[in-house]
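The values are calculated or read from the model by the stated rules, or taken from the named source; none is laboratory data. This structure is a prediction, so every number in the text was calculated from the model and none was measured. Virtual Cβ from ideal backbone geometry, glycine too; neighbours counted across all protein chains shown.
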Amino acid sequence: MKRALSLLSILLLSSASFAADVEQATLDQILAEIKSLNEKVSALEARLAKYEEVSEVPNAVPQAAVAYAASNPPPKGDKNKWYENLRIELRKAEVRASGDWVNPDAWDKLALKMKPEEVVAILGEPMDKKFSIRKDTDEILIYRGDLDGQGNTVKGEVRIYKGKVNKILAPGF
């Protein structure tokens, strides 16, 4: 009887110990999940902040429309010309907001053997990136836009070879 009682008490103690281990494992899993979720939230907040920072640039387009409308009120009669001029101003504002590449002085700051990251820091993000099969070019950063809003596209290129700028073709401003 004593043996059975001892065996029963050992079983009860081990089951209590097992239950505590299960509870601890569950708690550890919950804490790991919370940590994982916090990391995901932090990463998403960083991405959101980046997009909010970038989204401030396109605000130049609506501001240009408001500025144009304030300085050039629509005429009473034929409004077609006024709307055409507004459309041109919006196109120009959109291109100007696309980065500092529209400024000729920015192109003067470029130098051979710069890293692509330095080019992007000076000119802004390119409109296109193309990979090249030429022996002297790995990648081409393309900057283009309609600076006067009249359909005349200007284009500049920065050619990269082995991670360094090897040719700069500034737009013909």
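Give the residues of the range 104-121 that are more than 21 Å from Phe173 (Cα to Cα) and either surrounded by 12 or more Cβ atoms within 10 Å (Cβ to Cβ) or hydroxyl-bearing (Ser, Thr, Tyr) (or both), sorted by residue number.
Met114, Lys115, Pro116, Glu118
Which residue pairs have Cβ atoms under 7 Å apart, sit 6 or more places apart or on different chains, and have a first residue in the range 104-132 that is at positive phi and a second that is of a type outside the set (Lys, Arg) and surrounded by 12 or more Cβ atoms within 10 Å (Cβ to Cβ)?
Hits for this filter: Lys113/Val165; Gly124/Ser98; Gly124/Gly99; Gly124/Asp100; Gly124/Trp101.
For residues in the range 140-156 being surrounded by 15 or more Cβ atoms within 10 Å (Cβ to Cβ) and over 11 Å from Trp101 (Cβ atoms), which is nearest to the chain's Cα centre (by Cα)?
Only one residue fits best here, namely Ile140.
What number of residues within the range 51-76 satisfy the criterion of being at pLDDT below 70 and surrounded by 12 or more Cβ atoms within 10 Å (Cβ to Cβ)?
Result for the range 51-76: 4.
For the range 90-103, name all the residues that are under 13 Å from Gly156 (Cβ atoms), surrounded by fewer than 18 Cβ atoms within 10 Å (Cβ to Cβ) and either of a type in the set (D, E, K, R) or touching a residue at least 24 places away in the same chain (Cβ under 8 Å) (or both).
Asp100
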